[in-house]
Amino acid sequence: MADQTNPHQANFQTTTSPSAKDYPGLDEWRSLAADQQPTWAEHAEFGRVISELEAVPPLVFAGEVDQMRQRLAAVAEGKAFFLTGGDCAETFADATADKISGRVRTLLQMAVVLTYGASMPVVKMGRMAGQFSKPRSSNMETRGETTLPTFRGEMVNGFDFTESAREHDPERMLRGYHTSASTLNLIRAFTTGGFADLRLVHEWNKGFVSNPANARYESLAREIDRAIRFMDACGSDFDAIRGTEFYAGHEALLLDYERALTRIDSRTHLPYDTSGHFLWVGERTRGLEDAHVNFLSKVHNPVGVKLGPTTSVEDTLRLIDKLDPERTPGRLTFITRMGASKIRENLPPLVEAVRDSGAKVVWVTDPMHGNTISVPSGYKTRRFNDVVDEVRGFFEVHEDLGTIPGGIHVEMTGDDVAECLGGSDAVDESAFADRYETLCDPRLNHMQSLEVAFLVAEYLSKR
Ligand code: PEP
Ligand code: MN
């Protein structure tokens, strides 16, 4: 978030912006079908919580959001690469300095691998500081004789399988907001306060369990060191590597929350959803005439849509008309999550149609969500080889069509968890009992994340 044009300063008026209450169209979504929403509108505290959220300071500033859109415009042109990573579902308990730093360091390491391999800037975003709600395939969960509402992320209800934990509680939105604020505060401190200085490239590797990917990283870090010493000897000025821009994004699932954090920017007089820099709509809620797409069409943030294997060409083109009618570079990102066995067949028609339409979207691969399996022991997992194969398929498709593979979006953590199977320091099912921690989808651990980064860097360096 450090930049020559300090966005914090340029747009500080946003905090005192006029109310978004009467902005035309901003509430149109309320009359449309909205899937996956909590049943809390009748809750005694709902109105008070919403009023509080409407009054709190924004988490991000319009100037930063605009800057991110510009960075994504460079991605759409093939001049930068977009890296997103973080938990499937953040938890309040894991918003600790250690966990946040582990995630940020892993993302910085991945970004360095990519920047060095591809010789191009990397736009870095955490699925962090707001990723607290989840769409679910079923409303209810049954264990033995008991049936209760499913867990929908800690901004909605609790993970424990009890009646009181599973109740939809609007008060959790406030906790979600405050946890996002403290997470973002730490991210800002890490990325602009000296820790992300490229001269500390070795430090980011410290404290992680030693593994093959980490050793490979160390040798890359030595090359970077040498390059920096060389530049230093040449009298270079290192201002540009002292800090780094880092953005926060999440799925804009809970419309009550997203709407309450929407502010009109006093400079542009446009609405920004200030809960995060980048918001996306998930595979389950991307209906063209539905509430989520409608709401995101009204805010000025860069936005994304997840596209699964059944997405039609027509829907893809209509999503562009809805979300990016002006064809603003960097406004719209398609995050494809087809599955390794389908991407080579299902992605090309979409990419071709978008290319021929003249629209300039950012194409990102999410190699996680189309590759989820359940093993007999009951764990939800993903095979590292499938993840890697989907990434390969993504690059092959774009290579064939002459289009731009813009980025990668992964579920990952800085911890040495055992949730995805395989990798060069292979995780197998026997490790699940001790090191499977996620409350939702399985994540790449630190080593698997670095391995994916090395793979992507190889593809980018060939481009
Ligand atoms: C997710 O990103 O965690 C998710 C639920 O993805 P999708 O909408 O692609 O299924
Ligand atoms: Mn997920």
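The helices (runs of 4 or more DSSP H) found entirely in the stretch 73-192 that carry 3 or more residues being more than 25 Å from residue 46 (Cα to Cα) are 97-118, 171-192. Whenever a residue of the stretch 144-160 is within 12 Å of residue 36 (Cβ to Cβ), its partners that are open to solvent by 70 Å² or more (accessible area, probe 1.4 Å) and not basic (Lys, Arg), lying with C-beta atoms within less than 9 angstrom and at least six residues away or across chains, give the pairs 150/137; 150/139; 150/140. Scanning the stretch 418-451 for residues that are within 16 Å of ligand 2 (Cβ to nearest atom) and within 25 Å of residue 82 (Cα to Cα) turns up 419, 420, 438, 440, 441, 442, 443, 444, 445, 448, 449.
Listed by first and then second residue, the pairs linking a residue in the stretch 374-392 that is in contact (Cβ under 8 Å) with a residue 24 or more places away in the chain to a residue that is among the acidic types (Asp, Glu) and open to solvent by less than 70 Å² (accessible area, probe 1.4 Å), with Cβ atoms under 7 Å apart and 6 or more places separating them unless they lie on different chains, are 380/441; 381/419. Inspection of the stretch 71-94 identifies at least one residue that is within 16 Å of ligand 2 (Cβ to nearest atom), open to solvent by 40 Å² or more (accessible area, probe 1.4 Å) and closer than 20 Å to residue 172 by Cβ.
Scanning the stretch 423-448 for residues that are within 16 Å of ligand 1 (Cβ to nearest atom), open to solvent by less than 10 Å² (accessible area, probe 1.4 Å) and touching a helix residue (DSSP H, G or I) at 6+ places or on another chain (Cβ under 9 Å) returns a single hit, 444. So, in the stretch 102-134, of the ones that are open to solvent by 20 Å² or more (accessible area, probe 1.4 Å) and of a type outside the set (A, V, I, L, M), which residue ends up modelled with the highest pLDDT? Once the filter is applied, the top-ranked residue is 124. Total residues in the stretch 170-201 satisfying the condition of being open to solvent by 40 Å² or more (accessible area, probe 1.4 Å), farther than 19 Å from residue 61 by Cβ and either in contact with a Leu (Cβ under 6 Å, 6 or more places away or on another chain) or not acidic (Asp, Glu) (or both): the figure is 6.
Scanning the stretch 419-434 turns up at least one residue that is outside any loop (DSSP other than H, G, I, E, B) and either among the aromatic types (Phe, Trp, Tyr) or closer than 27 Å to residue 247 by Cα (or both).
Close Cβ contacts (under 7 Å, 6 or more residues apart or on different chains) running from residues in the stretch 24-45 that are of a type in the set (S, T, N, Q) to residues that are modelled with pLDDT of 95 or more and surrounded by 12 or more Cβ atoms within 10 Å (Cβ to Cβ) comprise 36/135; 36/253; 36/284; 36/285; 37/255; 39/168. From the list 385, 346, 294, the one residue that fits, being in contact with a strand residue (DSSP E or B) (Cβ under 7 Å, 6 or more places away or on another chain), open to solvent by 10 Å² or more (accessible area, probe 1.4 Å) and either assigned to a helix (DSSP H, G or I) or acidic (Asp, Glu) (or both), is 385. Of the residues making up the stretch 402-451, those that are under 26 Å from residue 363 (Cα atoms), of a type in the set (A, V, I, L, M, F, W, C) and out of contact with any His (no Cβ under 7 Å at 6 or more places or on another chain) number 8.
Condition (residue is modelled with pLDDT under 95, acidic (Asp, Glu), more than 16 Å from ligand 1 (Cβ to nearest atom) and more than 20 Å from the chain's Cα centre (by Cα)) applied to the stretch 402-417: is it met by at least one residue? Within the stretch 402-417, one or more residues are modelled with pLDDT under 95, acidic (Asp, Glu), more than 16 Å from ligand 1 (Cβ to nearest atom) and more than 20 Å from the chain's Cα centre (by Cα). Quickly run through the stretch 233-255 and pick out the residues that are at pLDDT 90 or above, open to solvent by 30 Å² or more (accessible area, probe 1.4 Å) and not in a loop (DSSP other than H, G, I, E, B). Matches in the stretch 233-255: 233 only. Somewhere in the stretch 8-15, is a residue surrounded by 19 or more Cβ atoms within 10 Å (Cβ to Cβ) and either among the hydrophobic types (A, V, I, L, M, F, W, C) or at pLDDT 95 or above (or both)? Among the residues of the stretch 8-15, not one is surrounded by 19 or more Cβ atoms within 10 Å (Cβ to Cβ) and either among the hydrophobic types (A, V, I, L, M, F, W, C) or at pLDDT 95 or above (or both), which makes the answer no. Screening residue 267 against (1) in contact with an Asp or Glu (Cβ under 9 Å, 6 or more places away or on another chain); (2) more than 16 Å from ligand 2 (Cβ to nearest atom) leaves a single unmet condition, (1). When each of 279, 254 is tested for being without any contact (Cβ under 8 Å) to a residue 60 or more places away in the chain and under 20 Å from the mean Cα position of the chain (by Cα), the lone residue that passes is 279. Within the stretch 270-283, being touching a Ser or Thr at 6+ places or on another chain (Cβ under 9 Å) and open to solvent by 40 Å² or more (accessible area, probe 1.4 Å) holds for one residue alone: 283. Only a single item in (1) touching a helix residue (DSSP H, G or I) at 6+ places or on another chain (Cβ under 8 Å); (2) within 16 Å of ligand 1 (Cβ to nearest atom) is not met by residue 357, and it is number (2). Scanning the stretch 411-422 for residues that are free of Cβ contacts under 8 Å to residues at least 60 places away in the same chain and either under 30 Å from residue 330 (Cα atoms) or surrounded by 19 or more Cβ atoms within 10 Å (Cβ to Cβ) (or both) turns up 417, 418, 419, 420, 421.
Within the stretch 388-410, the set of residues being in contact with a Gly (Cβ under 6 Å, 6 or more places away or on another chain) and open to solvent by 10 Å² or more (accessible area, probe 1.4 Å) comprises just one member, 404.
The values are calculated or read from the model by the stated rules, or taken from the named source; none is laboratory data. If you're wondering where the values come from, they're calculated on a predicted model, not measured in any experiment. Positions of Cβ are backbone-derived with ideal geometry, glycine not excepted, and every protein chain shown enters the neighbour counts. Quick note on the areas: whole protein, heavy atoms, side chains included, nothing else; ligands and nucleic acids left out. Shrake-Rupley method; radii C 1.70, N 1.55, O 1.52, S 1.80 Å.
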